[in-house]
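The values are calculated or read from the model by the stated rules, or taken from the named source; none is laboratory data. As the structure is a computational prediction, the values presented were derived from the model and not from experiment. Virtual Cβ from ideal backbone geometry, glycine too; neighbours counted across all protein chains shown. Just so you know, the surface numbers come from the protein's heavy atoms only, side chains and all, with ligands and any DNA or RNA stripped out. Shrake-Rupley method; radii C 1.70, N 1.55, O 1.52, S 1.80 Å.
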Number of protein chains: 8
Amino acid sequence: VGKPAVSIVMGSDSDLTLMEEAGKVLQDFGIQYEVVITSAHRSPKRTHLFVSGLIRRGIRVVIAGAGGAAHLAGTIAAQTILPVIGVPIPSSSLNGLDSLLSTVQMPSGVPVGTVGIGKAGVINAGLLAVQILALTSSTLSAKFTRYKQSLEKGVALKAQKIERKASKR
Amino acid sequence: VGKPAVSIVMGSDSDLTLMEEAGKVLQDFGIQYEVVITSAHRSPKRTHLFVSGLIRRGIRVVIAGAGGAAHLAGTIAAQTILPVIGVPIPSSSLNGLDSLLSTVQMPSGVPVGTVGIGKAGVINAGLLAVQILALTSSTLSAKFTRYKQSLEKGVALKAQKIERKASKR
Amino acid sequence: VGKPAVSIVMGSDSDLTLMEEAGKVLQDFGIQYEVVITSAHRSPKRTHLFVSGLIRRGIRVVIAGAGGAAHLAGTIAAQTILPVIGVPIPSSSLNGLDSLLSTVQMPSGVPVGTVGIGKAGVINAGLLAVQILALTSSTLSAKFTRYKQSLEKGVALKAQKIERKASKR
Amino acid sequence: VGKPAVSIVMGSDSDLTLMEEAGKVLQDFGIQYEVVITSAHRSPKRTHLFVSGLIRRGIRVVIAGAGGAAHLAGTIAAQTILPVIGVPIPSSSLNGLDSLLSTVQMPSGVPVGTVGIGKAGVINAGLLAVQILALTSSTLSAKFTRYKQSLEKGVALKAQKIERKASKR
Amino acid sequence: VGKPAVSIVMGSDSDLTLMEEAGKVLQDFGIQYEVVITSAHRSPKRTHLFVSGLIRRGIRVVIAGAGGAAHLAGTIAAQTILPVIGVPIPSSSLNGLDSLLSTVQMPSGVPVGTVGIGKAGVINAGLLAVQILALTSSTLSAKFTRYKQSLEKGVALKAQKIERKASKR
Amino acid sequence: VGKPAVSIVMGSDSDLTLMEEAGKVLQDFGIQYEVVITSAHRSPKRTHLFVSGLIRRGIRVVIAGAGGAAHLAGTIAAQTILPVIGVPIPSSSLNGLDSLLSTVQMPSGVPVGTVGIGKAGVINAGLLAVQILALTSSTLSAKFTRYKQSLEKGVALKAQKIERKASKR
Amino acid sequence: VGKPAVSIVMGSDSDLTLMEEAGKVLQDFGIQYEVVITSAHRSPKRTHLFVSGLIRRGIRVVIAGAGGAAHLAGTIAAQTILPVIGVPIPSSSLNGLDSLLSTVQMPSGVPVGTVGIGKAGVINAGLLAVQILALTSSTLSAKFTRYKQSLEKGVALKAQKIERKASKR
Amino acid sequence: VGKPAVSIVMGSDSDLTLMEEAGKVLQDFGIQYEVVITSAHRSPKRTHLFVSGLIRRGIRVVIAGAGGAAHLAGTIAAQTILPVIGVPIPSSSLNGLDSLLSTVQMPSGVPVGTVGIGKAGVINAGLLAVQILALTSSTLSAKFTRYKQSLEKGVALKAQKIERKASKR
């Protein structure tokens, strides 16, 4: 068993299904990760303990998701030198606009690299972590190059089936 | 020298002029207060130390102001049982909408009693602290009753001067 | 039968299910409360009568919930020296953004301590009332300390079940 | 001296310059009006007295302007059967979006006829009052017809001067 | 058969169910009304014909509902001296924020008295029309006084059933 | 088989059902079109190839639909001299407000003629393309004149059925 | 003197300086244009006359700018088969968000090709008109191709001066 | 002369003063960087050339700033496997809300790590780049640890001067 390189953190177990999308991406790239549930607000001590062990555990990138007054990513970023990727989770009333602004509008000195609201954002958080780790791994960087090619091919394949039928000439 | 009952906290010394409006209110009511500058993001340890000493110092109400991804009030609320009043400070780009949402949209379990954006909000934060302290002080409660009467009278006085001149009959 | 210390007010009986969440919190802390239905707009006389009896009835904190052009909390705050907690109830078209702004953006002189939109906000309104009452009750203050510990433990318990399974090493 | 038909109410003397634009419109149409300063929040008693005397004073239309959590128009509408026109006054942080939503999003049962934010809105509030009063005055209705013709002519006059010069053929 | 005093106009037959709420209000007050379907954009000629016949048909107040880039109320207001009440109809993507801003933000010279988005707004449009007509009808004005009393009573009745049960003392 | 005059492009096959509404409009006017699926982000090479062949293929107008950070229309506009019509597709979290702003707020030098969010916008994109092509086709221009007449008639027909029944005189 | 091909319309002479940016673009491309001032709301007859003469005057594309409840472009589009380009002019309170939504969110059947808010949008309106006219003019189309090349070159020229100095290696 | 590790790209030379804040951060950490001006929309070829040379030039992290329909970061991210940090530059009308949404709401597959709007965001973009590069440099990682300590100390120093004076006991 190896050490996880990425920590996927979320404020509540109800966010697990969504946040696991980032895990799936990491698995596809063969990157080990830990899943951690801790709330900046409800479990501040647990959060503090979690952050203070990050480097010792060998974590290199943190992906943190939260909704509403989403402070988790910022709280972690305040206490670590690791790059932190923030995922704004859709909130019940304001559709994640509050989550987005709470995550991205950090004061100078403490960056959170924020991705989009919801599922696309979570997947992209995983991919951004891969891109960062790929800077020092030619294997990962080759895999990511192939991934981007597969995106192109994926669009082309779907397109071919549909375009001819749908065009009217 | 007595002990301060209210702690006015802000993330940056640039917020001092604005946040002192809350202090002026407290002074008018004869309430002692401390002014503390600490950032949830830039000085998390200082913030933690500050919060853990609140009850020992005799503080009963916390007024916390921050802008942008405004986590200060929430971070404090996460670590204390004292009532926390959050002041959204206007931000340069989004005029404090981000500050407001980051302060008020707290997850269940950790309330922040939020007041309006900017100067009116800061003054109201001071007044809300007075109202809370007045629950156990008949002196304060009498003073606050007079304050509310003075609001009525203040409007009436200004109105009398203006209304006759401005009305056209 | 004792006297209620908190008044939970709402503009419409359709808000009852939501607003009762604040009542549940108070019950958990052994705090008596009254539930009142009165509208700032549809029943202004009833609202006025309600407010003028607050202190006589021994109420110490008011929790007021309304949606849309949500004036209930502000109307009450205008007429009492008690601390008023405002709950923005989600509105059908604008998801409670109108409720939030109508509740929180009070003019200087008349604070409303506003919590988040919807259910989390209602629960937090109850907790904020407890925090205020706990300032003068060592029983309540001990209970609230335990409540906060239970939040930490609750997160930890859920986390332990999930984290190991979800992490991929 | 006749009786005023319109009451122009505002929450603060600082709104006078803006709100007087409605008065100018009324004067142009020869309609008498009163100017009243009272705040829904800071002077609720004065506001209540003001509203309860409206019909006795012969007022037929109320124009109420307020900013932020703008409750003045709604508070008046709650207590009178007269048509109430609400003017959202620009607020310092949110540019009047809060004023607009607080004024217009009234619950069913208590309408406020809301005009635009700021100066154009204030002028239109005056004009809407004229239109309502013109329903029972052939003089006013003739004047308003001429006013609308003058709008057309005003555009045409300005246009003629500019259009030829600006067009490039 | 008498002449209708109010014209309820909408841009599309799909708005009928919603806009009929205004008609129900008028019926309750014994006011005759016409229902007209015409679009500012799809049937500009029909709209022009409709507006130019308003006064001849004896209409005294216009209620116009539209969604999205909601120009119907403004287009009518541009061509008549009658008071026009605008109803922002919820739109599919932006929940009626576009409808609200398109209806209320009229340039100076052409007011639209705007009510809230959706059903509460439509009902209030009907009530505002009643309030305007009540200025010259003691019957209507007495009815409206009773209507407001019934609002108070309605709240009180519902409240009595619920309050005792829900309060915990 | 003739050459298509319009290219309907979208970023994902999941947008096909929506974007085909533009195709139906073109078909109704007898205009040939191609349907192309390519993503500004996932298949930039394919997008580049697509754009560089536009003029050779005889395309005269491009209709491009995308959601979220909707760059497709802008990316195409950057590389062609053809008029580009942008369709903001509703996004899951922000209802298409992000799509709208990403499409319409282009820097000076590279216009995208943007239509409304969602289905009405897609249909209008088709119609705008027809209007542009009609500038050089008297057949199309006559057809579009008839189309606009049919809009008027369509409203009138629906109206007649409904208006009499709904009016209460 | 030739005939203008483009009509630049605006609701108020105060918009002239801004809207003339579109005229400058047309002049650069040697396209004649007329400048017209007419308001959808203040001068509806003038607007109607203006629209009904468009085709007779030989106009092929309309550029219409307005602010607030910006109906001008939509009103014109409702009455002509010509392509209409809408320019949302910044409004005093809501910074043009109201103008944008009022212009772009047109109902299906009546498209307005909308460009960005303010100066960049106005310039782009001129360019979009050129692109449309270039479809039937090889001269214009060659000019536009050169224009796009000049954009590339313009960026490159500015870049070369700056990049070397600013880079730190 | 070494090779730059970070590329700071912006769409216009007018963004240089703002974007250089990221460069200052990199200089403070001894990291070489290039400054590039190229627009996704005005100079797409230059942008393509720029991106295709990134890896050859040894760039490891890209910082891209743009405003309005801010596509630059996304366009670059579409064509490289390097991590891209997006900076939303304040726009003239919508204060950067458009820039933020255009930058952050990327579709799944193509992440842009987005920082806050404006100056704080630019500085944070520089710091996030440092954090990423620090993953493979113990020198940088030690420097960043000291940087975070200096943030704490900076707050403490400013605080000491101010707190005593401002507190009223």
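What to note about this one:
- Residue in segment F:45-55 that is within 14 Å of the chain's Cα centre (by Cα) and under 28 Å from F:Leu97 (Cβ atoms) present: no
- Scanning segment H:48-70 for residues that are polar (S, T, N, Q) and either touching a His at 6+ places or on another chain (Cβ under 9 Å) or closer than 24 Å to H:Asn95 by Cα (or both) turns up nothing.
- Residue in segment A:124-132 that is within 10 Å of chain H (Cβ to nearest Cβ), under 25 Å from F:Arg46 (Cα atoms) and more than 18 Å from the chain's Cα centre (by Cα) present: no
- Members of segment A:76-130 that are polar (S, T, N, Q) and in contact with a helix residue (DSSP H, G or I) (Cβ under 6 Å, 6 or more places away or on another chain): A:Gln79, A:Thr80, A:Ser91, A:Ser102, A:Thr103, A:Gln105, A:Ser108, A:Thr114
- Scope segment H:102-132; condition of a type in the set (Gly, Ala, Ser) and open to solvent by 10 Å² or more (accessible area, probe 1.4 Å); matching residues: H:Ser108, H:Ala120
- Which listed residue is touching a strand residue (DSSP E or B) at 6+ places or on another chain (Cβ under 7 Å), without any contact (Cβ under 8 Å) to a residue 24 or more places away in the chain and either within 19 Å of H:Gln105 (Cβ to Cβ) or hydroxyl-bearing (Ser, Thr, Tyr) (or both), from F:Val104, F:Val87: F:Val104
- Strands (runs of 3 or more DSSP E) contained entirely in segment E:1-107, each with at least 1 residues that are within 9 Å of chain F (Cβ to nearest Cβ): E:6-10, E:33-37
- Test result for B:Ala77, under 25 Å from H:Ser150 (Cβ atoms) and modelled with pLDDT of 95 or more: no
- Residue within segment A:11-26 that is modelled with pLDDT under 95, surrounded by 20 or more Cβ atoms within 10 Å (Cβ to Cβ) and out of contact with any strand residue (DSSP E or B) (no Cβ under 6 Å at 6 or more places or on another chain) present: yes
- Restricting H:Ser99, H:Ser92 to residues that are open to solvent by 10 Å² or more (accessible area, probe 1.4 Å) and under 25 Å from A:Ser102 (Cα atoms) narrows the list to H:Ser92.
- Qualifying residue in segment F:61-79 (condition: open to solvent by 10 Å² or more (accessible area, probe 1.4 Å), touching a Gly at 6+ places or on another chain (Cβ under 7 Å) and aliphatic (A, V, I, L, M)): yes
- Checking each residue in segment E:108-135 for being without any contact (Cβ under 8 Å) to a residue 24 or more places away in the chain, part of a helix (DSSP H, G or I) and of a type in the set (A, V, I, L, M) picks out E:Ala120, E:Ala134.
- Of all residues making up segment B:136-169, the number that are in a loop (DSSP other than H, G, I, E, B) and either more than 7 Å from chain D (Cβ to nearest Cβ) or surrounded by 13 or more Cβ atoms within 10 Å (Cβ to Cβ) (or both): 3
- Filter result (over 15 Å from D:Val62 (Cα atoms) and β-branched (Val, Ile, Thr)) within segment D:1-44: D:Val1, D:Thr17
- Of all residues in segment C:139-163, those that are of a type in the set (Asp, Glu) have Cβ atoms under 8 Å from Cβ atoms of residues that are in a helix (DSSP H, G or I), 6 or more apart or on another chain, in C:Glu152/A:Pro44; C:Glu152/A:Lys45; C:Glu152/A:Arg46.
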